[in-house]
Amino acid sequence: MSTGPSRLATASWVTYDLANTIFALGVVGLYFSDWLITENQPDSALAGVQAAAAAVVIFLAPWAGTRSDVLGRRVPTLIVTTVLAVLATALIATGPVWLTLVMLWIAVVAVNTGSVVYDALLVDVSTIDNRGHISGLGVGVGYFGSFIGLGLGLVALDVLDWGFPGAFRLIALAFLIFALPSFFFISERPGHSDEPLPTAGDIAARLARSWRKARTYEGVVRFLIGRFFYTDAINTLIGGFLAIFVIDELGLDRGFFTALMGVAITSAIVGGLGAGHFIERHGPLRVLRFVLVLWMAAMMTGVTAAITGLTDVAWVIGPLGGIALGATWSADRVVMVRVSPPRHLGEFYGLYATVGRFATIAGPLVWALVVDVANLGRSFALGTLAVFVAVGWLLLGGVDDRVRSWPVEDRLVPNGTRDVPQT
């Protein structure tokens, strides 16, 4: 047993969260939606890309997670997926609309597959005692990446006049730069070579086995089902539809939305950093359920602004949604660590990612059906997302996130493990 992860390893992991957030806000959350509006494309175009990407990640994520458990090597997968995402992002808006949609699809698949192994690396860069703090630190520092993504886009579009192609290339470069430390400085735990390495041919069978295995551990499946409902709503909004709602539904310009996002990002940093303290004091599940209430309040505030025409109310959405966003991901992944046996952490994080991606299929499709098919309007769509969050909140009430004392067969076991986490 060693003294634990180095500060450099932890800092590198945290910095990758910043890189990932540059992509999430700069590409998916803001400037791609803006590009979509300038190209006169419907909401369903973005929904289609998100759904198609999620359909792949549903199967790819558990396979990648299981391989990382067996090999004990997650960083190589992180490198491959990051480089692929960077290259695809650099090609967005450089050709016809269909090519841009394909490039975004590739980038979203790569980023979300890489997130499986990235999240599982949390146990390599933290200890049992500080896991909540490190998770919150990653989210809090990560949201500085939103400022970077926001700023790079503004510089490329409004100062240098490079247009959308230049903005996406600049964001891609920043993504790569801040991801680089994690490629070199994270020391990983050994794998467990007593299990066969999964092949691409048995992805579907592995996925089914992973779900059956998850059912044998208390709280895992219920948490994942609850996660489906709240991530359905959250990922739909931050996946570009919030920008469309504010700009097209509330009638506000990109400058207003940029300012609103600045407030939201600042709040997300506070939420992410502050959540770590509350997670360690009150437990991740209690914190998570509290911030889901904040999400419902923020969404209904948006509905109120659209219905009444009081667009100044939108300023409430920024800080409320930002705090909720930062705290959600800080608490969410710590709950997953609490309920998952260390031996199968990567595999179960694959299911965690699968649920998030399936929600990314369902959420945009529901939004598109409400807005483009049923013609009920974006306010009704946003209210529907608030109901999804409420269902997730109810389901999480039956999950127990107490610290487990895992039996030997569920620990990392083997040969010289330096820090065997048992939570």
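Answer with one residue from 237, 304, 345: the one whose Cα lies farthest towards the positive end of the charge dipole of segment 221-380, charges on Cβ with Lys, Arg +1 and Asp, Glu -1.
345
Treating only the Cβ atoms of Lys and Arg (+1) and Asp and Glu (-1) as charged, compute the dipole magnitude of segment 1-130 about its Cα centre; round to the nearest 20 debye.
Details: 4 positive and 8 negative charges, 75 e Å.
With Lys and Arg at +1 and Asp and Glu at -1, about 360 debye.
Just the Cα atoms of segment 13-62: what Rg and Dmax do they give in Å?
When restricted to Cα atoms, segment 13-62 yields Rg and Dmax of 13.3, 39 Å.
Using θ = phi - 60° and the Karplus relation 6.51 cos²θ - 1.76 cosθ + 1.60, list the HN-Hα couplings for segment 301-311 in order, rounded to whole Hz, with x at every Gly or Pro.
3J(HN,Hα) across segment 301-311, in whole Hz: 5, x, 4, 4, 4, 5, 6, 8, x, 7, 5.
Extent of segment 265-378 along each principal axis, from alpha carbon coordinates, in Å, largest to smallest?
51, 32, 20
Which of the peptides 65-72, 52-59, 156-163 is most tightly packed, and how do the rest follow, going by the mean number of other Cβ atoms within 10 Å of each residue?
For the peptides 65-72, 52-59, 156-163, the packing ranking is 65-72, 52-59, 156-163.
Mind putting a number on the dipole of the chain about its Cα centre? Charges go on the C-beta only, +1 for Lys and Arg and -1 for Asp and Glu, and I need it in Debye to the nearest 20.
On the way: 27 positive and 29 negative charges, 229 e Å.
Roughly 1100 debye, rounded to the nearest 20.
At q = 0.13, 0.19 Å⁻¹, work out log10 I(q)/I(0) for segment 72-137 with the Debye formula, treating every Cα as an identical point scatterer and leaving solvent out; two decimals please.
Result of the Debye calculation: -0.47, -0.74.
Using each residue's phi in segment 71-84, evaluate 6.51 cos²θ - 1.76 cosθ + 1.60 at θ = phi - 60° and report the 3J(HN,Hα) Karplus result to the nearest Hz, with x for Gly and Pro.
Calculated HN-Hα couplings, in order: 6, x, 10, 9, 4, x, 5, 4, 5, 4, 5, 5, 4, 4 Hz.
Grab the other residues whose beta carbon is less than 12 angstrom from that of residue 221, score K and R as +1, D and E as -1, and report the net.
Numbers: positive: 212, 213, 215, 222, 227; negative: 218.
Taking every Cβ under 12 Å from that of residue 221, the sum is +4.
What list do you get for 361, 171, 177 if you sort them by fewest beta carbons within 10 Å? The partial results should precede the final answer.
On the way: 361 20, 171 27, 177 14.
So the ranking, lowest neighbour count to highest, is 177, 361, 171.
For segment 92-187, what log10 I(q)/I(0) values come out of the Debye formula at q = 0.12, 0.15 1/Å, with one point per alpha carbon and no solvent?
The computed values of log10 I(q)/I(0) come out as -0.52, -0.76.
Order these by the 10 Å Cβ neighbour count, fewest first: 144, 256. Could you put the intermediate results ahead of the total?
On the way: 144 20, 256 16.
With the fewest neighbours first, 144, 256 line up as 256, 144.
Compute the acute angle (0 to 90°) between the alpha-carbon long axis of helix 345-368 and the principal axis of greatest extent of the alpha-carbon atoms of the chain; round to the nearest 10°.
Here the helix axis deviates by roughly 20 degrees.
What relative contact order, as a whole-number percentage, does the chain give when Cα pairs under 8 Å and 6 or more residues apart are counted? Can you show the working numbers first?
On the way: 807 pairs, mean separation 122.7, N = 423.
Reported relative contact order: 29 percent.
Assuming R0 = 30 Å, can you tell me the calculated FRET efficiency for the pair residue 286 and residue 216, based on Cβ-Cβ distance, to the nearest 0.05? Don't skip to the answer; put the middle values down first.
Numbers: r = 25 Å, r/R0 = 0.85.
That gives a FRET efficiency of 0.75.
Can you put 372, 401 in order, fewest other beta carbons within 10 Å first? If you can, show how the numbers build up before the last one.
Working: 372 14, 401 23.
Least to most surrounded, the residues fall as 372, 401.
Using just the alpha carbons, could you tell me how many Å³ per residue the convex hull of segment 1-115 encloses? Show your work: numbers first, answer last.
Working: hull volume 11.6 nm³, N = 115.
Convex hull of Cα atoms, per residue: 101 Å³.
Add -39500 (n - 2.57) for each DSSP H run of 4 or more in the chain, then divide by its residues: what number comes out at 222 nm, to the nearest 500 deg cm²/dmol? Display every interim value, and only then the final one.
Working: 15 runs with 290 residues, N = 423.
Computed ellipticity for the chain at 222 nm equals -23500 deg cm²/dmol.
Values in this text are rule-based calculations from the coordinates and carry no lab data. This structure is a prediction, so every number in the text was calculated from the model and none was measured. A quick note on method: Cβ atoms are made from the backbone with ideal geometry, for glycine too, and the neighbour counts reach across all protein chains shown.
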